[in-house]
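The values are calculated or read from the model by the stated rules, or taken from the named source; none is laboratory data. What you are looking at is a predicted structure, and each value in this text was computed from that prediction instead of being measured. Virtual Cβ from ideal backbone geometry, glycine too; neighbours counted across all protein chains shown. For accessibility, only protein heavy atoms count, side chains too; no ligands or nucleic acids. Shrake-Rupley method; radii C 1.70, N 1.55, O 1.52, S 1.80 Å.
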Amino acid sequence: GAAARRTGDREERGEVLVGPADQGGGHPRPTLKIQEGCNHRCAYCVIPLVRGKSRSLAPGRVIEEVERLVGAGAREVVLSGINLGSYGRDLAPRSSLGDLLGLLIERTAVERVRLSSLEPMHLTADLIERMAASDRIAPEPADQIAGEQDPHLPGPLGPARLSLSHTLARMGGL
């Protein structure tokens with residue numbers, strides 16, 4: 001029979017696989033996966049078992065992919081990941097989502113960068129400052145714009161979630 005795919009196989013590769021991000025038909029807001037996996041071991045979650053440890057796409061590769069998407073006509077790119085806020089912690093040298101956003105603004109012609117979702121525990125002062133400093137970084141996550149909130153769920157997909165712009169406004173002193 002066919003060999004079973006094991007979680008360890010993904011972890012051993014240590015890479016984030018990037019597929020076609022244009023979603024066909026010139027999608028106005030293509031999604032680029034820049035992070036995969038999770039290092040948290042929440043009792044209710046199977047992601048660490050299925051997706052493996054957190055791995056990030058190198059900043060240079062992210063820049064290349066964003067430039068490719070812009071060259072294909074994208075004006076806005078959504079950055080996504082299983083645990084997007086942990087982006088760059090596995091890289092050497094270590095990086096962060098804030099660092100990556102800064103590089104994208106400096107080195108690409110993308111008109112707008114949007115984050116797919118971000119947990120409040122990952123809102124660092126550096127990330128908030130970078131987002132506030134550029135109008136090319138969208139203040140609301142893509143899933144909120146797409147109307148994917150579920151009023152019956154708690155947490156990131158439910159009504160208790162605050163928009164990033166609301167959170168930034170409340171944290172105005174940073």
Please find, among E11, E64, the residue that is more than 18 Å from R136 (Cβ to Cβ) and at pLDDT 95 or above. E64
The one condition in (1) in a loop (DSSP other than H, G, I, E, B); (2) touching a residue at least 24 places away in the same chain (Cβ under 8 Å); (3) open to solvent by 20 Å² or more (accessible area, probe 1.4 Å) that R94 fails to fulfil: (2)
Selection from the stretch 14-42 of residues in a loop (DSSP other than H, G, I, E, B), of a type in the set (A, V, I, L, M, F, W, C) and at pLDDT 85 or above yields C38
Within the stretch 126-137, can one find any residue that is of a type in the set (V, I, T), assigned to a loop (DSSP other than H, G, I, E, B), at pLDDT 90 or above and surrounded by 12 or more Cβ atoms within 10 Å (Cβ to Cβ)? no
